[in-house]
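Beneath this line is the structure, given in C-alpha cells, with notes to follow.
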Amino acid sequence: MIEFTYSGSFETVLTDGKKAALKEIHDNLYNKEGRGSDFLGWLDWPSTVQPEFMERIQKTAEVIQEKAEVLVVIGIGGSYLGAKAALTALSPYFNKDDKKTEVLFAGHQVSGEYLKQLLAHLDGKEVMVNVISKSGKTTEPALAFRFLKKYMEDRYGEAAAERIIVTTDAEKGALVNLAIENGYERFVVPEDVGGRYSVFTAVGLLPIAAAGFSVSELMAGAKDAEEAYQVFNPKTNTAIRYAAARHHLYSEGYTTEVMATFEPKLAYVQEWWKQLFGESEGKEGKGIFPASVSFTTDLHSMGQYIQDGIRNLFESFLLIKESKEDLTVFEAENDGDELNYLAGITLQEFNHVAYKGTSSAHLDGGVPQMSLTIEKMDEFHLGHLFYFYMISCAYSAYLLDINPFDQPGVEDYKNNIFKLLEKPGY
Ligand code: PA5
C-alpha cells in the first residue's frame, strides 16, 4: 500500500539488537503494556468501531449539510489538525463544489482579526458550529467558542442550541457542563485516545463527513493499515522500517527530519505529521525535530539549506503516484518562452522529474533519504496513511524510550500565560 525506499542499507539499520527492541515494542504495544498504554485506544479502533457510531456520524453530517452552508470547527492541535489535513488533501484548490458544507476553522490561534473577519464572513450564510476539545478547558478554543456562542445566540435565539455540537470528554471539563446546560448534541472523545491520535474518532470524522467525504472509506483505509502493520516482520512491515530507519539516522547524528512533498494539498498532512511526531517524541532532551517543505516552491528557498547547510538533516519524501487531474504542456507556435522542449509531458511528470533531480542532488549533498509513495489521494489511502504514521510514531518514540502519548511540556507555556493574565489560582 505504501511503497517505501531508504537510501541507506537495512543491514545496518536492522541489527539483531534493533530487531529485538522492535519485537519488545511490538509485544508491549499489542499487549498494552508499554509506557502510556492507557492511551492506546486508537490502536484497534478502526477494526472495532461500532457501526452505530459510524451511522450517527453520517446522520449528523447529513443534518449539518441540510442546515448549514458553513460549519465552523473550533479546536486546536489534535482537535483540529486531522480534519484540516483531510479536507485540504481531499479538496484543496478551487473546486468548492467538492464540499457539501464549507468547513472553516477557529480557536487554533488567538487572532482577533481572524475571528472578527470569520464572524463577518458568516453573515448571510446558514451556520453550524462544532466545538472540539478533549479536555474541555483549552483556552484558545474556549475563547473562540465564547464569541461564536454569542454570535449564534444573537442570530438564531433559542434555536442556536440545535446548531451547536460539542465533541469532548464524557464527563470532565467545562465544555461538557456547557453542553449539558444548553442541551447541545454531544460526541465523546474516548478517554484512551489522545488528541493527536484522534482523527478517526468524532474529532476528525464529523467535520470530514460534514464536508461530504466518505468517512467509511477513510476508516476502511485505516483498518487496512491496522491489519497490515500489526504483523511483526521488520522485512516487510513498512511502519516498522520507517521507524527503524529514522531511529538509526538519529543515532548517527541526523536530528532533523524534513518531510518533503510535491503537492501543496499535502501541506496540512505535513502539519498534522509535525504535531504527531514533535509532540510524541520531543521529550526528556531527546527526539527528532520534524520539519517540512513543499517542493518545488521551497526549492527556491529552503532547498539551499537542505543542499548545503548543517549536515544534521534527513529527508522523507511523501509522494502520490496518480494525480486526480493534470495538464499536458502543449507546443506553442512561437516558442518565445523556450518551453517547447517540454511539449507532451504532463505537469505531474515534470514534478516526478523534479523529485528525482532533487533527491539525487540532496543525496549527493549528504542528506540521507526515504520516500513514501501512496497510489492516490482519496479517503481510503489517506486513512491508511494517517494510521501508518500513528503506528510508526509509537514505534519511533518507544525506540527512544519515550512515552509517545503524553505532552508534559505543553503545560509550561500555558501556566506562564495564566500567571501573566492573573488567572485565579495561578
Ligand atoms: O495531542 C494533544 O493531546 C494536543 O495537541 C491536544 O490535541 C491539544 O492541546 C488540544 O487539546 P484539547 O482537545 O484538550 O483542547
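The values are calculated or read from the model by the stated rules, or taken from the named source; none is laboratory data. Because the structure is a prediction, the values reported are computed rather than measured. FYI the Cβ positions are ideal-geometry reconstructions off the backbone, even for glycines, and counts take in every protein chain you see. Accessible surface areas use protein heavy atoms only, side chains included; no ligands, DNA or RNA. Shrake-Rupley method; radii C 1.70, N 1.55, O 1.52, S 1.80 Å.
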Given the conditions (1) over 15 Å from L385 (Cβ atoms); (2) open to solvent by 10 Å² or more (accessible area, probe 1.4 Å); (3) of a type outside the set (S, T, N, Q); (4) in contact (Cβ under 8 Å) with a residue 24 or more places away in the chain, every one holds for F330 apart from (4)
Within the range 12-68, the residues that are open to solvent by 70 Å² or more (accessible area, probe 1.4 Å), assigned to a loop (DSSP other than H, G, I, E, B) and on the phi < 0 side of the Ramachandran plot are N31, E33, R35, Q50
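Each row is one residue, and each column tells you yes or no for (1) charged (D, E, K, R); (2) assigned to a helix (DSSP H, G or I); (3) under 30 Å from S9 (Cβ atoms); (4) in contact with a Cys (Cβ under 9 Å, 6 or more places away or on another chain).
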| site | (1), (2), (3), (4) |
| --- | --- |
| S216 | no, yes, no, no |
| A222 | no, yes, no, no |
| A228 | no, yes, yes, no |
| T236 | no, no, yes, no |
| A245 | no, yes, yes, no |
Among residues of the range 125-166 being charged (D, E, K, R) and within 15 Å of the ligand (Cβ to nearest atom), the residue nearest to L205 (Cα to Cα) is K134
Residue hits (the range 175-213; within 11 Å of the ligand (Cβ to nearest atom) and either under 27 Å from G157 (Cα atoms) or surrounded by fewer than 21 Cβ atoms within 10 Å (Cβ to Cβ) (or both)) are L175, V203
Q) Yes or no: F147 open to solvent by 50 Å² or more (accessible area, probe 1.4 Å), under 24 Å from K67 (Cα atoms) and assigned to a helix (DSSP H, G or I)? A) yes
If you go through the range 394-412 one residue at a time, do you hit one that is within 22 Å of G82 (Cα to Cα), under 23 Å from the mean Cα position of the chain (by Cα) and more than 14 Å from the ligand (Cβ to nearest atom)?
yes
Residue hits (the range 196-214; under 15 Å from E62 (Cα atoms) and either hydroxyl-bearing (S, T, Y) or touching a His at 6+ places or on another chain (Cβ under 7 Å) (or both)) are S214
When (1) in a helix (DSSP H, G or I); (2) over 22 Å from A222 (Cβ atoms) are applied to H108, the one that fails is (1)
Checking the structure you have, find out if any residue of the range 254-268 is surrounded by 22 or more Cβ atoms within 10 Å (Cβ to Cβ) and part of a helix (DSSP H, G or I). yes
Is there a residue being touching a residue at least 40 places away in the same chain (Cβ under 8 Å), in a loop (DSSP other than H, G, I, E, B) and more than 21 Å from C393 (Cβ to Cβ) anywhere in the range 269-288? no
Those residues of the range 293-319 which are part of a helix (DSSP H, G or I) and of a type in the set (S, T, Y) amount to T297, Y305
